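Asks: Sending over a structure as structure tokens; questions will come in a sec.
The values are calculated or read from the model by the stated rules, or taken from the named source; none is laboratory data. For clarity, every value in this text was computed on a predicted model and none was experimentally measured. In this analysis, Cβ positions are derived from the backbone assuming ideal geometry, glycine residues included, and neighbour counts consider all displayed protein chains.
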Amino acid sequence: MRRLGSFPSSTALNAVQRTRAWERLAAGAEIDVLVVGGGITGAGVALDAASRGLRTVLVERHDLAFGTSRWSSKLVHGGLRYLASGRVGIAYESAAERHHLLTRIAPHLTRPLAQITPLYEPDFCSRRAWVGLGFGLGDVLRRASRTPGDVLPRPSLLGAAGVRAAAPAVRTAGLHGGVRGWDGQLIDDARLVVTVARTAAGFGAHILSRVEAIELTGGGAVVRDTLTGSELQLAARAVINATGVWAGDLAAAVRLRPSRGTHLVVDSARLGCADVSLAAAVAGSRSRFVFTVPAVHGRTYIGLTDVAADPASDLDAPVATEAEVDFLLDTVNTVLQRPLDRTDVLATFAGLRPLLVGTETRAGAERAETSDLSRRHAVIEGDDGVFSVVGGKLTTYRRMAEDAVDAAVRRGLPVARPSRTRDIPLVGAWPRGRLREIPAPARLVRRYGAEAPFAAGLAASAPAARGVTGAELRWAVEVEGALTTDDVLDRRTRLGLVPADRAASTAAVAEAFAASGTEPAIVGGGL
């Protein structure tokens, strides 16, 4: 594992670093790769390029993880659903990338998560066989990708008492036991994005949030600092568009059909504080489920939906519909002893999947069918020379980034070195079996890994809600690139997800900015 201080450059992101990076660009710093977009794909591209020795710049018009990358189910999927539909190559790719994340890249930001499907009469026998087969195939993927059994255990059958012990809120009437499988979980998807971006900075990449690309060509871009209004003309040897659902706005060759995935947020106490994922079958389907997912701050997420989104209105601020909330509640309540109702829903969130339409995937692959849109990613070179990396999913971000940089290298970038990212631990990474050695509270170790003692050691300002310390707020400002109050609340801590937590934490965030010697930026009325 890469230890603290072993990066060639500082991994800290903050207002001072951002200003210095802008000044270097204004002075004419040479750029090999310009990345547009600060979600997980863009951050991954920046890390891949910078770690190959390419002079790399990433610009993001909002904040890191502003869009889809913070609205996932927080799962690192092993590809079971792709294997079940015969897409063996994609299934293995997912399992392999999950392996890299769990075992080397980010053991501090991931963990194994038990997924329990309760079995009820009258069809518990057939359901047990079907679900058991699925988990068994998933275990084949686990073994094929060489993920050890002590990281992701084998699936198993549970009796009714075992199901109740793991998931105390489960409905007991007609319960005949359950099937338990395992998958990977992210502590927080936005934290993964920030950590990948910081690791890229450690290899020399310039990471600039609140910088918008307003004109884009294969040879560079005109960018605007949205905090000051200043503009720069940047020249780059390669330009990679990694803007997700917005990719089509910058590249005419990209055709996307976004779909919306919605989650509910409830208090974990309503589900017995279960530290497992509970699966409820969607009515009329053998393969679709609604899942509960334990999350930070004593919350549980329930998701998710898959409905067509209106690209004309949903892109910047997708919201859950009443029908989606009803669907999720109705489905999860089929496995709960005490049904949830609208008063239990503390918040909702919705993210958009950038589904790729009517184009080819990587060289040699078949054309993507409509039913397969969310499974594939592609690197598309436009007539203007801009490379766009689109489609795909969070789990395979590293492979997407590698493919994008490989495509740019084939077009003449001055490097022949292959990708290194499957062997590069992210900043803060520490061996999973030794995380308890880190001298810091377990809650902080789960969020910061080997950096937890440093985060905890900052002079504390006022604490925020849900046990978030003032030191954590300062770390977000001084090390993790938060420039605004909402950056801290919505993406570094997730306290902004529930309105009551936001209200209870805003003053503490202001104090953290003051303790750090800066003021929160104001953008577009507070974004």
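Asks: State yes or no: is GLY78 in contact with an Asp or Glu (Cβ under 6 Å, 6 or more places away or on another chain), of a type outside the set (S, T, N, Q) and within 28 Å of LEU352 (Cβ to Cβ)? Don't jump to the end; show me each part of the working.
Replies: Values: in contact with an Asp or Glu (Cβ under 6 Å, 6 or more places away or on another chain): yes; of a type outside the set (S, T, N, Q): yes; within 28 Å of LEU352 (Cβ to Cβ): yes.
Yes, satisfied.
Asks: Next up: Could you go through the range 281-293 and let me know if any residue there is of a type in the set (D, E, K, R) and surrounded by 15 or more Cβ atoms within 10 Å (Cβ to Cβ).
Replies: Looking for residues that are of a type in the set (D, E, K, R) and surrounded by 15 or more Cβ atoms within 10 Å (Cβ to Cβ), one finds none in the range 281-293, hence no.
Asks: Counting only residues that are among the small types (Gly, Ala, Ser), at pLDDT 90 or above and closer than 22 Å to PRO431 by Cα, give me the helices (runs of 4 or more DSSP H) lying completely in the range 45-144 with at least 3 of them.
Replies: Details: elements: 80-84, 88-100, 124-144.
The helices (runs of 4 or more DSSP H) meeting that bar are 88-100.
Asks: Take the residues in the range 233-291 that are in a helix (DSSP H, G or I) and within 29 Å of PHE135 (Cβ to Cβ), then tell me which one is nearest to the chain's Cα centre (by Cα).
Replies: Taking the range 233-291 first, the residues in a helix (DSSP H, G or I) are 244-250, 268-271.
If we keep only those that are within 29 Å of PHE135 (Cβ to Cβ) as well, we get 268-271.
Details: SER268: 21, ALA269: 25, ARG270: 26, LEU271: 24 Å.
The extreme case among them is SER268.
Asks: Separate question: Answer yes if at least one residue in the range 190-203 is in contact with a helix residue (DSSP H, G or I) (Cβ under 8 Å, 6 or more places away or on another chain), closer than 30 Å to ALA29 by Cα, assigned to a loop (DSSP other than H, G, I, E, B) and in contact (Cβ under 8 Å) with a residue 24 or more places away in the chain, and no otherwise.
Replies: Initial filter on the range 190-203 (in contact with a helix residue (DSSP H, G or I) (Cβ under 8 Å, 6 or more places away or on another chain)): 190-194, 196-197, 199-201, 203.
Retained after the next criterion (residues that are closer than 30 Å to ALA29 by Cα): 190-194, 196-197, 199-201, 203.
Keeping just the survivors that are assigned to a loop (DSSP other than H, G, I, E, B) gives 203.
In the following step, the residues that additionally are in contact (Cβ under 8 Å) with a residue 24 or more places away in the chain were identified as 203.
Yes - at least one qualifying residue is present in the range 190-203.
Asks: Would you mind finding the one in SER461, SER374 that is more than 19 Å from the chain's Cα centre (by Cα) and modelled with pLDDT under 90?
Replies: Residue meeting the stated conditions: SER461.
Asks: So, in the range 292-318, exactly how many residues are among the acidic types (Asp, Glu) and in a strand (DSSP E or B)? First the steps, then the outcome.
Replies: First pass over the range 292-318, keeping only residues among the acidic types (Asp, Glu): 306, 310, 314, 316.
Next, from what is left, pick out any that are in a strand (DSSP E or B): none.
Qualifying residue count, the range 292-318: 0.
Asks: Oh, and also: Of all residues in the range 488-511 being in contact with a Phe, Trp or Tyr (Cβ under 9 Å, 6 or more places away or on another chain) and under 24 Å from ASP225 (Cα atoms), which is surrounded by the most Cβ atoms within 10 Å (Cβ to Cβ)? Outline the logic, then answer.
Replies: Initially, the range 488-511 is screened for residues in contact with a Phe, Trp or Tyr (Cβ under 9 Å, 6 or more places away or on another chain), giving 488, 490-492, 497.
Applying the additional criterion that residues be under 24 Å from ASP225 (Cα atoms) yields 488, 490-492.
Details: VAL488: 31, ASP490: 21, ARG491: 27, ARG492: 29.
Going through the qualifying residues, I end up with VAL488.
Asks: Any residue at all in the range 79-99 that's out of contact with any helix residue (DSSP H, G or I) (no Cβ under 7 Å at 6 or more places or on another chain), buried (at least 24 other Cβ atoms within 10 Å of the Cβ) and of a type outside the set (Asp, Glu)? Walk me through it before giving the result.
Replies: In the first step, residues of the range 79-99 are kept if they are out of contact with any helix residue (DSSP H, G or I) (no Cβ under 7 Å at 6 or more places or on another chain); the result is 81, 85-86, 88-89, 96, 99.
Add one more test, that the residue is buried (at least 24 other Cβ atoms within 10 Å of the Cβ), and what stays is 99.
Okay, now just the ones that are also of a type outside the set (Asp, Glu), so 99.
Yes - at least one qualifying residue is present in the range 79-99.
Asks: Can you report the number of residues in the range 77-131 which are more than 30 Å from ALA173 (Cα to Cα) and not basic (Lys, Arg)? Quick ask: steps written out before the conclusion?
Replies: From the range 77-131, those more than 30 Å from ALA173 (Cα to Cα) are 77-79, 82-111; that's our starting set.
Right, trim to not basic (Lys, Arg) and you get 77-79, 82-86, 88-97, 99-103, 105-110.
Here the count works out to 29.
Asks: Going through GLY298, GLY303 one at a time, which residue ends up being farther than 21 Å from TYR120 by Cβ, touching a residue at least 12 places away in the same chain (Cβ under 8 Å) and surrounded by fewer than 19 Cβ atoms within 10 Å (Cβ to Cβ)? So that I can check it myself, show each step before the final result.
Replies: Numbers: GLY303 fails: surrounded by fewer than 19 Cβ atoms within 10 Å (Cβ to Cβ).
Matching residue, one of GLY298, GLY303: GLY298.
Asks: Which of the residues that make up the range 167-183 are in contact (Cβ under 8 Å) with a residue 60 or more places away in the chain and either buried (at least 20 other Cβ atoms within 10 Å of the Cβ) or not assigned by TED's automatic domain parsing to the domain that holds ALA279 (or both)?
Replies: ALA167, ALA169, VAL170, GLY178, VAL179, ARG180, GLY181, TRP182, ASP183
Asks: Collect the residues in the range 222-245 that are closer than 20 Å to GLY44 by Cα and surrounded by 24 or more Cβ atoms within 10 Å (Cβ to Cβ), keeping them in residue-number order. Spell out how you get there, then give the answer.
Replies: Within the range 222-245, the first condition is being closer than 20 Å to GLY44 by Cα, and the residues that meet it are 236-245.
The answer is ALA238, VAL239, ILE240, ASN241, ALA242, THR243, GLY244, VAL245.
One line per residue, one yes/no per condition, for (1) under 17 Å from THR421 (Cβ atoms); (2) surrounded by 24 or more Cβ atoms within 10 Å (Cβ to Cβ); (3) out of contact with any helix residue (DSSP H, G or I) (no Cβ under 9 Å at 6 or more places or on another chain):
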position	(1), (2), (3)
GLU30	no, no, yes
VAL33	yes, yes, no
VAL36	no, yes, no
GLY39	yes, yes, no
VAL45	yes, yes, no
THR56	yes, yes, no
GLU60	no, yes, no
ALA65	no, yes, no
LYS74	no, yes, no
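Asks: Another one. Can you give me the number of residues within the range 319-333 that are assigned to a loop (DSSP other than H, G, I, E, B) and polar (S, T, N, Q)? Before the answer, list the steps.
Replies: Step one: list which residues in the range 319-333 are assigned to a loop (DSSP other than H, G, I, E, B), which gives 319-321.
Still in the running and polar (S, T, N, Q): 321.
So the count comes out to 1.
Asks: Just need a number here: residues in the range 435-458 that are among the aromatic types (Phe, Trp, Tyr) and more than 14 Å from VAL296 (Cβ to Cβ). Let's see the steps before the verdict.
Replies: The first filter runs over the range 435-458 and keeps only residues among the aromatic types (Phe, Trp, Tyr), leaving 448, 454.
From the residues that got through so far, the ones that are more than 14 Å from VAL296 (Cβ to Cβ) too are 454.
So the count comes out to 1.
Asks: Quick one: in the range 145-160, of everything that is small (Gly, Ala, Ser) and in a loop (DSSP other than H, G, I, E, B), which residue is nearest to the chain's Cα centre (by Cα)?
Replies: In the first step, residues of the range 145-160 are kept if they are small (Gly, Ala, Ser); the result is 145, 149, 156, 159-160.
Next, from what is left, pick out any that are in a loop (DSSP other than H, G, I, E, B): 145, 149, 159.
On the way: SER145: 21, GLY149: 24, GLY159: 34 Å.
So, considering only residues that are small (Gly, Ala, Ser) and in a loop (DSSP other than H, G, I, E, B), the one nearest to the chain's Cα centre (by Cα) is SER145.
Asks: Might you check whether a residue that is under 19 Å from the mean Cα position of the chain (by Cα), assigned to a helix (DSSP H, G or I), at pLDDT 95 or above and of a type in the set (A, V, I, L, M, F, W, C) occurs anywhere in the range 8-15?
Replies: No, the range 8-15 contains no residue that is under 19 Å from the mean Cα position of the chain (by Cα), assigned to a helix (DSSP H, G or I), at pLDDT 95 or above and of a type in the set (A, V, I, L, M, F, W, C).
Per-residue answers, yes or no, for (1) of a type in the set (Val, Ile, Thr); (2) in a loop (DSSP other than H, G, I, E, B); (3) surrounded by 15 or more Cβ atoms within 10 Å (Cβ to Cβ):
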position	(1), (2), (3)
ASP383	no, yes, no
VAL389	yes, no, yes
THR396	yes, no, yes
MET400	no, no, yes
ASP403	no, no, yes
PRO414	no, yes, no
PRO418	no, yes, no
GLY428	no, yes, yes
